[in-house]
Amino acid sequence: MRSSLARRLMAAAASVAVVGGIAVGAGAQESPTPAGARGNGSVTPRAGYARFDRASSIKPAPFLAVEAAYQLTPNISFGPALTVSRGQTYGEDYLTALTFGDPSKGDTTFILANQQPVTLVDVGAIVTARMPGTRYSPFVTGGVGAYSLYLDPQQSNDSRRYTHLSTMVGGGLDLQFSRQAGIRLDVRDQIFSGYDRRRLNPADIRFQNTRFVQDLPAPPENKSVLHNFLLSVGFTFRPSLPTGEGEGGSD
Amino acid sequence: MTFSRITRRSASRAGAALGLLAAAGAAACDDGRTVVTQPFGPYSFNFRVVPDGRTIPKGTVTIAHTATDSSVTLLVQGIERLAGTAVYQVWLANADGTGLVKAQGTLQEFRVDTVFTSLGDLKPDTVPVGAAATASSFSAGGSSTLVVLRVDRASLGSNPLDKGLVLVTVEESAAAAQPGDSRPLWATYTPTIEPKALTFGRWDSNPANQYIFVPIGRGQISVRGDVLLAYDSSLSRPPVGYYYATYVIRRNKDEAVIDTVRIGELQAPDGTTSLRSADSSSVHPVVQAKSIVAGFNRVDARTATSGLNAGPTPYKDFADYLITLENKHGDEQKASPSVILRGVVPAPIRSPATE
C-alpha cells in the first residue's frame with residue numbers, strides 16, 4: 001500500500017512538474033521579458049503550516065506544495081498546484097473502550113484515544129492575479145481541484161482513500177529579489193467539500209466508547225464543507241530569463 | 001548598486017528560502033503510525049448489581065376458627081416506616097373486593113432480634129415494641145420490624161371469617177374511608193385454608209388487572225475519577241405508590257456501617273427524567289407495562305459532595321450499592337428495607353491506593 005501511495009504521489013508530482021515544465025518552457029521560448037510579462041513562467045515550491053478546520057479532526061500539520069504558473073497576461077497567471085500534508089487525527093475524537101476482567105466480579109475499562117496519520121494530497125489548477133513591476137507584489141489567488149485523503153492502511157486493513165472537490169482562495173505577497181528568484185508569503189483558505197470526519201475513525205463500531213460520554217470531550221460536529229487555513233512561504237524561480245537580464249530592474 | 005552585491009544578496013536570500021523549505025519538508029515527513037492504545041484519562045472500575053429481593057414487603061394471613069371465636073391474624077414485615085400522617089390501612093372484604101370494612105383489631109409491633117439461649121446458642125426472637133393497641137392502621141416499618149394485627153369478632157363487630165380478603169393499602173391518613181390507589185399487599189382466605197402468604201404488588205378487584213411485583217433486574221456500575229454511573233436494566237415496574245431509589249452503604253475497615261448515602265431516584269437513561277412516577281405514569285419510553293427496561297444514575301463528586309468522601313477519592317468506603325423500592329410516603333433520608341438489586345463495591349473503589 002505504501003508503494004501504491006508513493007506511486008500516486010509521484011505521479012501527481014510528475015504531472016505538476018510536466019505541466020509546470022510546459023508552462024515554464026513556454027515562457028522560455030519567449031524573448032527575455034521582465035518578470036510578470038506575458039509568456040513568462042515560474043515554479044514555486046512552498047512549505048508551510050496547515051491549520052485544518054476542527055471539524056476535520058486532523059491536527060495542524062506542516063505541508064509541502066509546489067505550483068507552476070504561466071503568465072497569461074502581465075497580471076494574470078495560471079497553472080497547476082500540488083499540496084501534500086501528513087497530519088495526525090485528534091485521538092480524542094475517536095474514543096474506544098476496552099474492558100478487562102470478568103464483568104460479574106468487577107472489571108476495568110480503559111478509554112482509549114485513537115489517532116492515525118493521514119496523508120492529504122490536493123491537486124488543482126489555480127489562477128493568480130498580481131500587481132506586477134514592483135519588488136513587493138501583492139497577489140490574490142483562487143483555484144479548484146480535488147483532495148484525496150489516504151488513511152493508514154495498517155489500521156484500515158485496506159488501501160482506503162477518499163477523493164472530493166476542493167476549492168481555494170487566498171492571497172499573499174511576492175518579494176522579488178532578482179529577476180529569476182523571489183520569496184512568496186502565502187495565506188489560503190483551502191475549502192474541502194464532501195468531507196465526513198467519521199470516515200477517519202480507525203476503530204470498529206464494536207469498540208466505540210458509550211460511557212462517560214458526558215465527561216469526555218465532545219467530537220466536533222460533522223461538517224461536509226471545511227475551511228482550512230494554510231500559511232506558507234515559498235521560493236519562486238523563473239528560469240525563462242537568463243541570469244543578469246534586466247538585473248536590478250526592481251531595485 | 002553593483003552586480004556582485006546584488007548577486008550575493010540574492011544568493012543568501014535564496015539559500016535562506018531553500019533552507020526554510022528543507023526544514024518544513026523534513027517536518028512534513030511524518031512517519032507516525034496509528035495509535036489505538038493511548039489511555040485517555042483515568043480508567044473506570046465496574047461492578048455488577050444483581051437481584052437481592054429478600055426483603056420486599058411480605059407477610060401471612062392466619063385463620064383461627066374455634067368454637068369460642070374466629071379471628072384473622074395478619075403478619076407483615078419488610079415494609080418501610082411511613083412518614084407524617086401516612087398509614088398502612090388494613091381492610092377486610094369479600095373475596096371479590098366488595099363489602100370493604102376497616103380491619104379493626106389488636107395491633108402489636110415487634111422488633112425481630114437475635115437472642116442467646118441459656119446454652120448460649122443464637123435464637124431469633126421477636127421483642128414487643130410498645131403496648132398493643134386497638135387499631136386498623138399503622139405506620140411502623142423497617143428492616144427488623146414485624147407488625148401483627150389480630151382481628152376477631154369482638155374487635156371487628158362481626159365474624160371476620162365471613163370475609164375472604166385481607167387488603168393493606170397506603171393512605172394519606174387513618175381517616176381514609178375508601179382504599180386509595182396504592183394497594184400493595186393482599187391475600188384471600190377461606191375458613192379452611194391457612195396460613196396464606198400475602199401478595200405484594202397492586203390489588204385490583206378484577207384479578208386480571210392485579211399486578212404482582214417480582215424483584216428482578218440487573219445493572220452495572222462504573223466509577224471513573226469523580227464520576228459514578230449506574231446502568232440498570234429489566235427492573236419490574238414498581239407497584240403504585242412505590243419508586244426505585246439508589247443508596248450506598250459506607251463501611252469502615254471493620255465492616256461497620258459509617259453512613260447510608262442516598263444517590264437519588266432512579267432516572268431514565270437521559271439522565272434528566274426521574275422515574276419516580278413510573279408506578280402510575282409512562283414518564284419515559286423505558287417505562288413499559290410491567291417493567292422498566294433501562295434505568296440510570298449519575299453522581300459527580302465535583303458537584304454533589306453530600307455523603308461523599310472529601311478529596312481525590314470521593315467513593316472511598318463505599319461498600320454496598322443498593323437499588324431499593326421506596327414507598328412514596330416513606331422517609332427519603334432512610335433506605336427502604338426492600339433491596340431489589342445489590343452490588344458489592346470492588347476494592348479499587350472502596351479502598352483506593354491514593355488517599
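No lab work stands behind these numbers, since they all come straight from the coordinates. Note that the coordinates shown come from a computational prediction; the quantities given were computed from them, not determined experimentally. For neighbour counting, all protein chains shown are included, and Cβ atoms are generated from backbone atoms with ideal geometry for every residue, glycine included.
Subtracting the Cα-Cα distance of A:ARG198 and A:ARG135 from their residue separation scaled by 0.36 nm leaves 18.0 nm.
Derived value for segment B:58-212: Kirkwood hydrodynamic radius 16.0 Å. Basis is the mean of 1/r over every pair of different alpha-carbon atoms.
Name the lysines eligible as straight-distance cross-link partners of B:LYS196: C-alpha to C-alpha under 20 Å, and not fewer than 8 places from it in the same chain. Result set, ordered by chain and number: B:LYS58, B:LYS102, B:LYS163. At q = 0.14, 0.15 Å⁻¹ the log10 of I(q)/I(0) for chain B amounts to -1.15, -1.24, computed by Debye summation with a single uniform scatterer per C-alpha, solvent ignored. Once the Cα-Cα distance is subtracted from the 0.36 nm per residue extended length, the A:ALA125 to A:ARG206 segment shows a gain of 25.0 nm.
Straight-line cross-link partners of A:LYS223 among the lysines, defined as a Cα under 17 Å from its Cα and at least 8 positions apart when in the same chain: A:LYS59.
Phi angles of segment A:196-206 translate, via the Karplus equation with coefficients 6.51, -1.76, 1.60 and θ = phi - 60°, into HN-Hα couplings of 8, 5, 5, 5, 8, 6, x, 9, 6, 4, 5 Hz per residue; Gly and Pro are given as x.
Spin-label model, B:GLN178 to B:ASP69: label points 7 Å out along the Cα-to-beta-carbon direction sit 3.4 nm apart. Listing B:VAL339, A:VAL84 from fewest to most neighbouring C-beta atoms within 10 Å gives A:VAL84, B:VAL339. At what distance in angstrom do the alpha carbon centres of segment B:166-237 and segment A:169-194 lie from each other? After rounding, the separation between the Cα centres reads 76 Å.
Residue exposure proxy: B:GLU171, A:GLU221, B:GLU80, ordered by other Cβ atoms within 10 angstrom of their Cβ from fewest to most, comes out as A:GLU221, B:GLU171, B:GLU80. Provide the FRET efficiency to the nearest 0.05 for the A:LEU231-B:VAL344 pair, computing r from the beta carbons and using R0 = 35 Å. According to the calculation, E is roughly 0.05. Among the aspartates and glutamates, which fall within straight-line cross-link reach of B:LYS328, defined as a Cα-Cα distance under 18 Å, with same-chain neighbours fewer than 8 residues apart omitted? Excluding near neighbours in sequence, the set is B:GLU80, B:GLU171, B:GLU172, B:ASP181, B:GLU265, B:ASP279. Within the shell defined by Cβ-Cβ distances under 13 Å, the residues around A:ILE191 carry a net charge of -1, with Lys and Arg each +1 and Asp and Glu each -1. In chain B, Cα pairs under 8 Å separated by at least six residues give a relative contact order of 19 percent.
Could you calculate the FRET efficiency of A:THR73 with A:THR99 from 1/(1 + (r/R0)^6), where r is the beta carbon distance between them and R0 is 60 Å, rounded to 0.05?
After rounding to 0.05, the efficiency reads 0.35.
Approximating the spin labels as points 7 Å out from Cα along Cα→Cβ, the A:VAL169-to-B:VAL293 distance works out to 5.0 nm. Relative to the dominant Cα principal axis of chain B, helix B:3-28 is inclined by about 30°. Considering only B:SER118, B:SER70, B:SER222, the Gaussian network model of chain B with Cα springs below 10 Å gives its largest mean-square fluctuation to B:SER118. For segment A:45-114, the Kirkwood radius over C-alpha pairs fed into Stokes-Einstein at 25 °C and 0.890 mPa s yields D = 153 µm² per second. Sorted ascending by nearby beta carbons within 10 Å, beginning with the fewest, B:ASP125, B:ASP254, A:ASP204 become B:ASP254, A:ASP204, B:ASP125. Both radii are taken from the alpha-carbon atoms of segment B:29-145; with Rh as the Kirkwood radius, Rg/Rh is 1.37. Dividing the summed -39500 (n - 2.57) terms of all DSSP H runs of n ≥ 4 by the residue count of chain B sets its mean residue ellipticity at 222 nm at -3000 deg cm²/dmol. Applying 1/(1 + (r/R0)^6) with R0 = 51 Å to the Cβ-Cβ distance of B:ASN209 and B:ALA353 gives a FRET efficiency near 0.40.
Label separation (B:ALA154 vs B:VAL283): 4.8 nm, computed from points 7 Å beyond Cα along the C-beta direction. Build a GNM of chain B with springs between Cα atoms under 10 Å apart, and of B:ASN209, B:ASN297, B:ASN159 the one that fluctuates most is B:ASN209. Extension gain, B:ARG251-B:GLN38: 0.36 nm per intervening residue step, less the Cα-Cα distance, totals 73.2 nm. Among B:GLY307, B:GLY180, B:GLY41, the residue with the largest mean-square fluctuation in a Gaussian network model of chain B, with springs joining Cα atoms closer than 10 Å, is B:GLY41.
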